[in-house]
């Protein structure tokens with residue numbers, strides 16, 4: 001029995017004994033000493049239990065690794081020692097099998113019925129040093145699939161709040177008017193009168209559905225085995241992540257796409273500032289200053305999203321002595337989160353080439369961007385369309401929408417050369 005299991009059982013006995021002694025209103029001296037001894041033993045056992053788990057965990061890992069690889073390795077080793085010559089002699093002369101050959105034949109017979117002598121397919125492979133004909137395929141092992149490369153989610157790093165919605169629509173009321181402070185101008189004068197508390201609703205509606213379709217051939221299913229299913233799921237999830245991340249910022253608001261933050265700046269009331277100059281540290285500082293004044297944000301709480309091309313210019317900036325200034329590190333240290341993305345911002349265009357940047361901040365716990373997703377990814381399997389060729393069709397559907405609570409919590413910089 002494992003030591004940890006023994007300790008667990010003993011701890012259970014101690015708790016039961018302590019419960020009985022604690023229930024007595026006036027325990028005797030012996031019972032009091034017994035409670036102290038049991039309590040001390042219980043605390044000691046806790047330490048022993050943790051140590052046992054650590055030791056047994058290492059043993060389990062070693063044993064698990066051995067179990068995972070031992071059967072395949074042993075079978076391959078025996079297949080290398082399997083002698084087809086013994087099978088031929090057994091059929092021709094009735095000679096008894098021995099060694100690895102006998103062991104493999106016995107194993108195969110225990111798994112299924114054979115009228116003759118079973119020969120594993122591995123034993124029929126051509127081995128080094130044997131004469132072979134041209135064109136014999138080289139046996140290979142298919143390793144786990146390496147997924148495609150997708151951009152990491154820029155929306156969450158820029159402070160967007162992801163909301164899972166069951167059914168229906170969700171609205172976020174945002175205050176636009178309310179209490180106003182003021183001073184009495186004279187000793188007997190009145191303070192400013194009350195103002196109406198007004199709000200504007202920012203709805204999230206299930207009007208936009210993103211779909212990702214995949215077709216898997218029968219050969220892929222047979223060649224890759226069970227691991228293909230996991231690879232397909234990861235690939236589909238990454239594709240949905242990439243496209244939804246792009247739509248949050250650059251969605252057109254047409255053709256089924258939600259209206260993205262940058263594309264819908266005028267609709268959401270987001271300030272757009274034209275830089276129309278080369279990227280440098282002064283430009284970034286001036287933009288941060290304007291943004292802090294407008295949004296009451298503090299240094300260190302502002303998220304900045306740049307294109308890789310702008311990031312490259314800032315990284316190459318030098319001071320008067322020709323030394324690199326490491327501006328990006330200073331921005332990250334003084335401003336807050338720095339996000340470099342080629343998925344959330346459009347590629348540079350125009351003459352000279354110019355890009356955009358986005359500034360966001362959370363105010364009083366309110367996220368700058370809200371992204372609603374209805375339910376989960378709806379995975380649909382179509383086994384009929386390509387049934388004649390044995391192919392499998394998978395479609396993943398996700399319904400989502402984007403909105404901005406307060407435009408003042410965002411600012412777009414344009415014309416960064």
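Okay, here's what the table says:
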| quantity | calculated |
| --- | --- |
| Of residues in the range 269-289 being assigned to a loop (DSSP other than H, G, I, E, B) and in contact with a strand residue (DSSP E or B) (Cβ under 9 Å, 6 or more places away or on another chain), the one nearest to residue 417 (Cα to Cα) | 278 |
| Tally of residues being surrounded by fewer than 13 Cβ atoms within 10 Å (Cβ to Cβ) and at pLDDT 70 or above across the range 58-80 | 4 |
| All positions within the range 1-12 that are modelled with pLDDT of 80 or more and exposed (fewer than 12 other Cβ atoms within 10 Å of the Cβ) | 9, 12 |
| Selection status of residue 414, in contact (Cβ under 8 Å) with a residue 60 or more places away in the chain and under 25 Å from the mean Cα position of the chain (by Cα) | no |
| Exclusive hit being without any contact (Cβ under 8 Å) to a residue 40 or more places away in the chain and not in a loop (DSSP other than H, G, I, E, B), set 266, 294, 247 | 266 |
| Residue ID - modelled with the lowest pLDDT, chosen from residues in the range 309-365 that are exposed (fewer than 14 other Cβ atoms within 10 Å of the Cβ) and assigned to a strand (DSSP E or B) | 324 |
| Qualifying residue in the range 256-269 (condition: within 16 Å of residue 212 (Cα to Cα), surrounded by fewer than 17 Cβ atoms within 10 Å (Cβ to Cβ) and modelled with pLDDT of 85 or more) | yes |
| Scan of the range 23-49 for residues that are modelled with pLDDT under 80 and surrounded by 10 or more Cβ atoms within 10 Å (Cβ to Cβ), ordered by number | none |
| Verdict on residue 304 being surrounded by fewer than 21 Cβ atoms within 10 Å (Cβ to Cβ) and at pLDDT 85 or above | no |
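The values are calculated or read from the model by the stated rules, or taken from the named source; none is laboratory data. Small disclaimer: the values here were computed from a predicted structure and weren't measured. Glycine also receives a Cβ, built like all others from the backbone with ideal geometry; neighbour counts cover every protein chain displayed.
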